[in-house]
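Let me begin by presenting the structure, written as structure tokens, before commenting on it.
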Amino acid sequence: MVQLFSRQANQEHWLPWQREAMSAFAAKMADRSRLFPCIPAVQAYALDDLRYGFASDPRSETAAQELAALLAEFAETSRQIGNDAALVVFFDTPAELADGYTVAQFEELFWQLLRQTSALDVRGWLDVVPLDPNDPLWEFCFHRERFFMYCATPAHRKRQSRHFPWFMLAATPRWVLEQFYAEPVKAEKIKQRIRERLGRYDTAPVHPDLNSYGNPDNYEWKQYFLRDDETSLPACPFQRASSSNPP
């Protein structure tokens, strides 16, 4: 059974890879000599507003089931966690996957996992969110909650902001992002600082697909998985046929 954890969780019964993944993530977030670019993520980590979960090898049949359960539990409880709540999921990533997969293969795996997980959503797609990923207002939904998705992989090298030794997903609720953008001047200053940090953290240029939700030329799906170069998929691999599901 999957479970959400805070940073203060007792790790006594965790598997070795789970302890190692959490330790690696903590080191990345707390590194003062090499600041992680996403300032809100670093703040959320410091405030213990992040919740963590573990899932099986992302190639396995159970990975989508476990991710679906974690997303559902998080959607139910996120508003009680804190203003910067987000979910971080670490996947068991055997050596042959970590060392053998390319960025392109991880990209395909990410979208396959997202499709499989969405198919398990018993509460269905939100009617207020378009079904067409090319609509500027489209975003991933699960358990009646809207999420910005982030993927990091062992294969990323130039884009270290998207590198992690384990396959990792993060889900930030739209309501958290709406609070961030509620103060436009402050939000714009933070976004500029993030771009400056990206320039120092990554050897690849800031990806041209990074944009803001709602802009006419914005595509949320393109930002979920950024490649190690400046290219992107010509079309979104995620398609949902209908939003007619139980509330």
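Quick rundown of the values:
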| item | result |
| --- | --- |
| Qualifying residue in the range 93-104 (condition: within 17 Å of Tyr224 (Cβ to Cβ) and more than 14 Å from the chain's Cα centre (by Cα)) | yes |
| Where a residue in the range 93-117 is within 28 Å of Glu73 (Cα to Cα) and part of a helix (DSSP H, G or I) and its partner, wherever it lies, is modelled with pLDDT of 95 or more and hydroxyl-bearing (Ser, Thr, Tyr), with Cβ under 7 Å and at least six apart | Phe106/Thr153 |
| Verdict on Val88 being modelled with pLDDT of 95 or more, in contact with a Gly (Cβ under 9 Å, 6 or more places away or on another chain) and within 23 Å of Pro173 (Cα to Cα) | yes |
| Every pair of residues 6+ apart whose Cβ atoms lie under 7 Å, when the first sits in the range 72-91 and is under 24 Å from Thr153 (Cα atoms) while the second is in a helix (DSSP H, G or I) and small (Gly, Ala, Ser) | Asp84/Ala44; Ala85/Ser78; Ala86/Ala44; Phe90/Ala21; Phe91/Ala63 |
| Residue list for the range 3-55, restricted to those being more than 16 Å from Ala170 (Cβ to Cβ), touching a Phe, Trp or Tyr at 6+ places or on another chain (Cβ under 9 Å) and not in a helix (DSSP H, G or I) | Gln3, Ala9, Gln11, Trp14, Leu15, Arg34, Leu35 |
| Per-region count, the range 1-43, residues among the basic types (Lys, Arg) and without any contact (Cβ under 8 Å) to a residue 40 or more places away in the chain | 2 |
| Residue satisfying all of: in the range 183-239; among the β-branched types (Val, Ile, Thr) and over 21 Å from Leu169 (Cα atoms); surrounded by the most Cβ atoms within 10 Å (Cβ to Cβ) among these | Ile190 |
| Given (1) more than 26 Å from Arg32 (Cα to Cα); (2) assigned to a helix (DSSP H, G or I), index of the condition Phe238 fails | (2) |
| Number of positions in the range 130-159 that are without any contact (Cβ under 8 Å) to a residue 60 or more places away in the chain and not in a strand (DSSP E or B) | 3 |
| Selection within the range 92-112 - of a type outside the set (Val, Ile, Thr) and closer than 20 Å to Gln223 by Cβ | Ala104, Gln105, Phe106, Glu107, Glu108, Leu109, Phe110, Trp111, Gln112 |
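The values are calculated or read from the model by the stated rules, or taken from the named source; none is laboratory data. Predicted model only: the values in this text are computed from it and were never measured. As a convention, Cβ positions derive from the backbone with ideal geometry for all residues, glycine included, and neighbour counts pool all protein chains shown.
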